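Undergrad: Okay, handing you the structure first.
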Amino acid sequence: MMEKQTYLEKLDTKFKHPYIIFKRIFDIIISIIALIPAIMIIIIFAIIVVVDSKGGPFYAQERVGLMGKKFKVFKLRSMRIDAEVNGAQWAEEEDPRITNIGKFMRKMRIDELPQLFNVLVGQMSLIGPRPERPNFTQQFSEEVEGFEQRLLIKPGLSGYAQVNGGYDITPFEKLKLDLYYMEHFSLKLDLKIFVKTVAVVFTGDGAR
């Protein structure tokens, strides 16, 4: 309980913008359309994951969303089932915990496709700050002043920081990019991020 209060008690304002309503409508329509081919891709790779390594094809991970509300994100499993026996940790370059098929899925972002369901039910948006795990949210909010401001808008499947900063940026750099997104919140910016996201998927840039 104390953890939640620590980074939520600082959120004394709410992010308000007329585009939020249209953004939600856009999220629902696009996620439904995207899920039509995505479901078949998810099923195919779920089978491959089971054949490729021991364990189930999916895993759920707790993240911090809008106004600090915690939720589960779903992914196709790209690591060994014992990948975090020693606790949560960042993925490293050439991480030995990643399975053979996991390398391909992460490069093409296929492991993220199940999160379209998170978008559909309203826990996430297609575009927004990427949601962090509770322990990292707590840590970064203590180390970087204002980091919790990212919680004022719904987290995204992709985001401005992801397509402009990549995986290795610091929490401070991530905050700066996410705040820029919030300051320039619009359909035009979302479309630019969407196009860049498609380019990242096809090039595999920044994947781990």
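The values are calculated or read from the model by the stated rules, or taken from the named source; none is laboratory data. The structure presented is a predicted model; accordingly, all values stated were derived computationally and were not measured. Positions of Cβ are backbone-derived with ideal geometry, glycine not excepted, and every protein chain shown enters the neighbour counts.
Undergrad: If we keep just the residues of the range 5-48 that are surrounded by 15 or more Cβ atoms within 10 Å (Cβ to Cβ) and either among the basic types (Lys, Arg) or over 21 Å from the mean Cα position of the chain (by Cα) (or both), which is modelled with the lowest pLDDT?
TA: Taking the candidates together, the pick is Thr6.
Undergrad: Here's a follow-up. Tell me, please, whether a residue that is closer than 30 Å to Tyr180 by Cα and assigned to a loop (DSSP other than H, G, I, E, B) can be found in the range 42-65.
TA: Yes - at least one qualifying residue is present in the range 42-65.
Undergrad: Which members of the range 195-208 meet the condition of being surrounded by fewer than 16 Cβ atoms within 10 Å (Cβ to Cβ) and in a helix (DSSP H, G or I)?
TA: Val195, Val198, Ala199, Phe202, Thr203
Undergrad: Using beta carbons and a limit of 6 Å, which pairs, at least six apart or on different chains, have the first residue in the range 87-111 and in a helix (DSSP H, G or I) and the second one at pLDDT 80 or above and not hydrophobic (A, V, I, L, M, F, W, C)?
TA: Note: pairs meeting the criteria are Asn100/Asp52; Ile101/Asp52; Gly102/Ser78; Met105/Ser78; Met105/Asp111; Arg106/Ser78; Asp111/Lys75; Asp111/Ser78.
One line per residue, one yes/no per condition, for (1) in contact (Cβ under 8 Å) with a residue 60 or more places away in the chain; (2) more than 18 Å from Asn118 (Cβ to Cβ):
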residue	(1), (2)
Glu132	yes, no
Thr137	yes, no
Phe140	no, yes
Val144	no, yes
Gly159	no, no
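Undergrad: Taking the range 168-188 as the region of interest, how many residues are closer than 25 Å to Phe202 by Cα and buried (at least 17 other Cβ atoms within 10 Å of the Cβ)?
TA: 4
Undergrad: Which residues, taken from the range 177-194, are over 17 Å from the mean Cα position of the chain (by Cα) and assigned to a helix (DSSP H, G or I)?
TA: Matches in the range 177-194: Tyr180, Glu183, Leu187, Lys188, Leu189, Leu191, Lys192.
Undergrad: Working carefully through the options Gly122, Gly165, find the one that is free of Cβ contacts under 8 Å to residues at least 40 places away in the same chain, surrounded by fewer than 22 Cβ atoms within 10 Å (Cβ to Cβ) and more than 13 Å from the chain's Cα centre (by Cα).
TA: The conditions single out Gly165.
Undergrad: From the residues in the range 66-76 that are part of a strand (DSSP E or B) and not hydrophobic (A, V, I, L, M, F, W, C), which one is farthest from Leu120 (Cα to Cα)?
TA: The selected residue is Lys70.
Undergrad: On the given criteria, is Leu191 more than 22 Å from Ala60 (Cα to Cα) and not basic (Lys, Arg)?
TA: Judged against the criteria, Leu191 is a match.
Undergrad: Whether any residue in the range 116-132 is part of a helix (DSSP H, G or I) and over 30 Å from Pro37 (Cα atoms) is what I want to check.
TA: no
Undergrad: Sticking with this one: Output the residues belonging to the range 56-102 that are farther than 14 Å from Phe136 by Cβ, among the charged types (D, E, K, R), modelled with pLDDT of 90 or more and crowded, with 16+ Cβ neighbours inside 10 Å.
TA: Within the range 56-102, Lys75, Arg77 meet the criteria.
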